[in-house]
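A short write-up of the structure that comes next.
Nothing in this text is a laboratory measurement; each read-out follows from the coordinates by a stated rule. None of the values given here were measured: they were computed from a predicted structure. Virtual Cβ from ideal backbone geometry, glycine too; neighbours counted across all protein chains shown.
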Amino acid sequence: MKELGNKPLCLPQPVFMIGTYDKDNNPNLMNAAWGGISYDDEITICLANDHKTTDNLKLKGALTISMGTKKYLKECDYFGLVSGTKEDKVKKANFHAIKAPHVDAPMFTELPLVIEGEVISYDDKSCRLVVKIINVLADESILDENGKVDPMKLEPIAYDPFNHKYLVVKEIVGSAFKDGVELLKK
């Protein structure tokens, strides 16, 4: 095996779109790829302390986390290229913010899967943000006939840190907690 060194190389990396309000309740959105579920009701994200989003989180203690999607790939990438301190990214990308129902943070009508969260902790030194999941919202357009999120309709994107590309989740290849059962019987 080839050694790649001590680098943040893991697949897949979800493309989290973090929505916050600033002190004047202006919506901001940023792209953050280093994060994931860290407990039943928690998400942990690596978030540098020099972002407008970090300042907003310290001020409001609330955020939304949406999944980046194939349909809005260019906009989702853009939200990670420019600082919200330099321009109104939401306006420039022509995204539309509405207030989340359970937390003091914006959600965006273009992004159909949203997690409402509250800050549990943020460590300036490690840049580790821990978020309590308050609620998850899914637009009807991404639900299947049983009311469950259909990944084929959502088309979430993942970040490929090996090649600096975005991938789309598009194929079912098995059934969790089912396909390995036959090995239990051996």
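Computed quantities for the displayed model
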item	result
Förster radius 22 Å - calculated FRET efficiency between residue 48 and residue 109, Cβ distance, rounded to 0.05	0.20
Taking the chain and dividing mean pair separation by its residue count, relative contact order in percent (alpha carbons under 8 Å, at least six apart)	23 percent
Set of lysines near residue 132 by C-alpha distance (under 25 Å), chain-local residues within fewer than 8 positions excluded	23, 52, 58, 60, 99, 148
Cα-projected label distance for residue 136 with residue 163, points at 7 Å along beta-carbon direction, nm	2.8 nm
Lysines with Cα under 23 Å of residue 153, excluding same-chain neighbours fewer than 8 positions away	70, 71, 74, 165, 170
Relative packing of peptides 27-40, 82-95, 139-152 - highest average C-beta neighbours within 10 Å first	27-40, 82-95, 139-152
Answer label for Cα Rg over 2.2 N^0.38 Å (calculated), chosen among (i) 1.34; (ii) 1.02; (iii) 1.08	(iii)
Charge dipole of the range 1-134 about the Cα centre (unit charges at C-beta), most positive-ward option of 13, 78, 130	78
The range 126-186: relative contact order as a whole-number percent, Cα under 8 Å and 6+ apart	18 percent
Contour minus Cα-Cα distance for residue 38 and residue 22 (0.36 nm per residue)	3.1 nm
